[in-house]
Amino acid sequence: NIPEDQAEKLLLASWGLPKAVLEKYHSLGVVQMFEWQAECLMLGQVLEGKNLVYSAPTSAGKTLVAELLILKRVLETRKKALLILPFVSVAKEKKCYLQ
């Protein structure tokens, strides 16, 4: 669980994302994360590029964790990222969404 003094970490706005990215998430109704998602992002040195392995049921929000990690790393390092998705339909959806 996230300590009370770090409850703001549930809000997407507290992760240093650009305004345009936050507005896109907000337009889709995503304003905050679940506790387990924020915990994933706060583990060890994940935000510095270390590995993260996590498991959750279908539609639990795993993709949001991956997207936030990718967005932060790309924006901070100015390097490219590769996002591998399991289905063509999901890949097309994410392509439109991330553009």
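Quick notes on this structure:
- All positions within segment 50-73 that are surrounded by 12 or more Cβ atoms within 10 Å (Cβ to Cβ) and either more than 21 Å from Leu11 (Cβ to Cβ) or not aliphatic (A, V, I, L, M) (or both): Tyr54, Gly61, Lys62, Thr63, Glu67, Lys72, Arg73
- Every pair of residues 6+ apart whose Cβ atoms lie under 9 Å, when the first sits in segment 49-64 and is in a loop (DSSP other than H, G, I, E, B) while the second is among the charged types (D, E, K, R): Gly49/Arg73; Tyr54/Lys62; Ser55/Lys62; Ala56/Lys62
- Residue in segment 67-80 that is without any contact (Cβ under 8 Å) to a residue 12 or more places away in the chain, among the basic types (Lys, Arg) and in a helix (DSSP H, G or I) present: no
- Odd one out for Lys79, checked against (1) loosely packed, with under 15 Cβ neighbours inside 10 Å; (2) more than 22 Å from Tyr97 (Cα to Cα); (3) basic (Lys, Arg): (2)
- Check on Ala38, open to solvent by less than 100 Å² (accessible area, probe 1.4 Å) and in a helix (DSSP H, G or I): yes
- For segment 13-35, filtered to residues that are not in a helix (DSSP H, G or I) and not hydrophobic (A, V, I, L, M, F, W, C), the residue that is most open to solvent (accessible area, probe 1.4 Å) is Gln32.
- Residue within segment 50-67 that is hydrophobic (A, V, I, L, M, F, W, C) and under 13 Å from Leu98 (Cα atoms) present: yes
The values are calculated or read from the model by the stated rules, or taken from the named source; none is laboratory data. None of these values were measured; they are calculated from a predicted model. Counting neighbours? That spans all protein chains shown, and the Cβs are built from the backbone with ideal geometry, glycine included. Surface accessibility is based on the protein's heavy atoms, side chains included, excluding ligands, DNA and RNA. Shrake-Rupley method; radii C 1.70, N 1.55, O 1.52, S 1.80 Å.
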